Amino acid sequence: MDTRQMKTTADSITEWSHCLLYQDINGTGSLFGGRIMEWIDEVAGVTAERHCGGSVTTASVDNLQFKRGARLNDIVVIIGKITYVGRTSMEVRVDSYVEEKKTGMRYVINRAYVTEVFVDDETMRPKQIPYGLELQTENEKAEWEGALKRIQMRKQRRREGF
């Protein structure tokens, strides 16, 4: 039983939007993958900092698969939400979309799971997260269970030298 104070997923959800500019575009005229990876990392960090109330550092990124591209002047929307909180680390699900201007419809660019570690500002060493995560919906419970599986897969990959 977690004895820490609790926060909900909604307490730290982060939504960020950006209209694609020339500096965001690669040589083939579509969104540069490295740029969106940077944005995903930033949104994950802000989401985690909102949950823990302090500084974080990125430990890993899982399952970054590109499903759709985006082009110059497209609107990209990135949403981060906490899916799991451990003792010193949190998992953040980050969904990226391209938004159709006329209808507001959003189409998935990718989904990533980012592990963020709560760190001491002076030593940069991991420290205990002061808040647990109160799961309010069946979807949040399923995300938590998925996070437990991803944690085990990361541990297995480390044992295998990945």
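Worth pointing out:
- Within segment 41-97, considering residues that are hydroxyl-bearing (Ser, Thr, Tyr) and in contact with a Lys or Arg (Cβ under 6 Å, 6 or more places away or on another chain), the one most open to solvent (accessible area, probe 1.4 Å): TYR97
- Looking only at segment 116-151, and only at residues there that are in contact with a Cys (Cβ under 7 Å, 6 or more places away or on another chain) and assigned to a strand (DSSP E or B), the one that is farthest from ASP11 (Cα to Cα): PHE118
- Scan of segment 1-51 for residues that are part of a strand (DSSP E or B) and closer than 22 Å to ASP120 by Cβ, ordered by number: GLN5, LYS7
- Residue list for segment 98-149, restricted to those being of a type in the set (D, E, K, R), farther than 16 Å from ILE75 by Cβ and open to solvent by 60 Å² or more (accessible area, probe 1.4 Å): ARG111, ASP121, GLU122, ARG125, LYS127, GLU134, GLU138, LYS141, GLU145, LYS149
- Among the conditions (1) open to solvent by 90 Å² or more (accessible area, probe 1.4 Å); (2) touching an Asp or Glu at 6+ places or on another chain (Cβ under 7 Å), ARG159 misses just one, which is (2).
The values are calculated or read from the model by the stated rules, or taken from the named source; none is laboratory data. Please read all numbers here as calculations on a predicted model, not as lab measurements. All Cβ positions, even for glycine, are placed from backbone atoms using ideal geometry, and neighbour counts span all protein chains on display. Protein only, heavy atoms only, side chains kept; ligands, DNA and RNA dropped before computing areas. Shrake-Rupley method; radii C 1.70, N 1.55, O 1.52, S 1.80 Å.
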